[in-house]
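Structure record follows, encoded as structure tokens.
The values are calculated or read from the model by the stated rules, or taken from the named source; none is laboratory data. Please read all numbers here as calculations on a predicted model, not as lab measurements. Ideal geometry is used to build each Cβ from the backbone, glycine not excepted, and the neighbour counts take in all protein chains shown. Just so you know, the surface numbers come from the protein's heavy atoms only, side chains and all, with ligands and any DNA or RNA stripped out. Shrake-Rupley method; radii C 1.70, N 1.55, O 1.52, S 1.80 Å.
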Amino acid sequence: MAKCKCSKRPRISSRIVQGIPPCQEGCVDVCTNPVCADPKVLSMMAPLVYDEIGINLCTTFDLGVDIATTYPTVTCATARVINATYTYGDGNVVIDSLVGRPNCYSVTLSNIIVEFAVNLYDSTGRLVDTIYPTAVYLPSDTTAETYDAETNPSSVELEIFAPYGYAYTTEDGGITPIINYLGYLDTNNMPQQGINLYGIAKILGFEIADSTITVGLTLVLQSMYYAGYRVASAGRIDTPKGSIITPDNTECMMFVAGDLLDLAIKPLDLGAPFFEEKLKNDCTYDGCGSSQACDMTEEVPQIEVK
């Protein structure tokens, strides 16, 4: 049988481009002359959170360095979660489908190794150093130093609505369900479709003599999927302007580099319901922020010139 000889296939274009009227004098072909203007509606792909649930944990752990000896001027600290690692399987992280409830999953969290960035400060608030200790939250081993039956148990089981399922990895040659950790490393600083996990830390105790720290940890489990949406536009971002003027903080320089003057005082509303004519009574406060006479112009904001 002879092969079918098809005519030239039509070029497929978007519905928006197809809706442009046939070329006439003065017409615009967006393929050669893109339209430049602010859109009224933005067509955008947005990461939408379908469900999330969080828990609070707390434990005390060693910082791994003798604070008093190594950093004798340190008086306080702050902590931030930068990464969390975990494995999958019994006694670790497990994702289970719920029987008869295909849009929801049970997620068991256990043996979460959390890495912190701990900033150490002296009494003047100067940053002395940053250290990176780790601690195990939800340790499956009940003899672990960080285990506590009430504040840091061996595991928790969370239920989450995830109608489009979870993500997978093929790193080990097979297809394995995964939970993406959303952190601050270059390998995990972006959300992914499926189920995400992220953590927020707060220092509850800092013992310099013992070189230990007590950190409260919020873990949030979140289902997220990308979807296209039409969103009303309020225009482009008005980017703040920096200045390359030399740091001469004279009044004239600040005025020249500042905003324009404008008449800012409003006329009195002499009728009901405000009766602002009564504001003409003598008083020590004139409504302009001082007891001095008001300037008829708006004060020039003080900007930092670098």
#### Entry: Checklist (1) open to solvent by 40 Å² or more (accessible area, probe 1.4 Å); (2) assigned to a loop (DSSP other than H, G, I, E, B) applied to TYR226, failing item
(2)
### Query
Within the group THR212, THR297, which residue is β-branched (Val, Ile, Thr), at pLDDT 85 or above and surrounded by 11 or more Cβ atoms within 10 Å (Cβ to Cβ)?
THR212
### Query
Going through the stretch 77-99 one residue at a time, which ones are in a loop (DSSP other than H, G, I, E, B) and more than 30 Å from ASN119 (Cβ to Cβ)?
GLY89, ASP90, GLY91, ASN92, VAL99
### Task
Taking the residues in the stretch 190-209 that are part of a loop (DSSP other than H, G, I, E, B) and closer than 20 Å to ILE131 by Cα as candidates, determine which candidate is most open to solvent (accessible area, probe 1.4 Å).
ALA209
### Query
What are the residues in the stretch 36-63 that are in a loop (DSSP other than H, G, I, E, B) and surrounded by 11 or more Cβ atoms within 10 Å (Cβ to Cβ), if any?
PRO39, LEU63
### Message
Within the stretch 82-112, take every residue that is without any contact (Cβ under 8 Å) to a residue 24 or more places away in the chain and hydrophobic (A, V, I, L, M, F, W, C) and give me the one that is most open to solvent (accessible area, probe 1.4 Å).
### Response
VAL99
### Message
Could you tell me how many of the residues in the stretch 41-75 are aromatic (Phe, Trp, Tyr) and under 30 Å from ALA227 (Cβ atoms)?
### Response
1
### Summary
Checked pairs for the stretch 231-252, first over 30 Å from LEU42 (Cα atoms), second at pLDDT below 70 and open to solvent by less than 100 Å² (accessible area, probe 1.4 Å), C-beta under 7 Å and 6 or more apart or across chains, list as SER243/VAL305; ILE245/VAL305; PRO247/VAL305; ASN249/VAL305
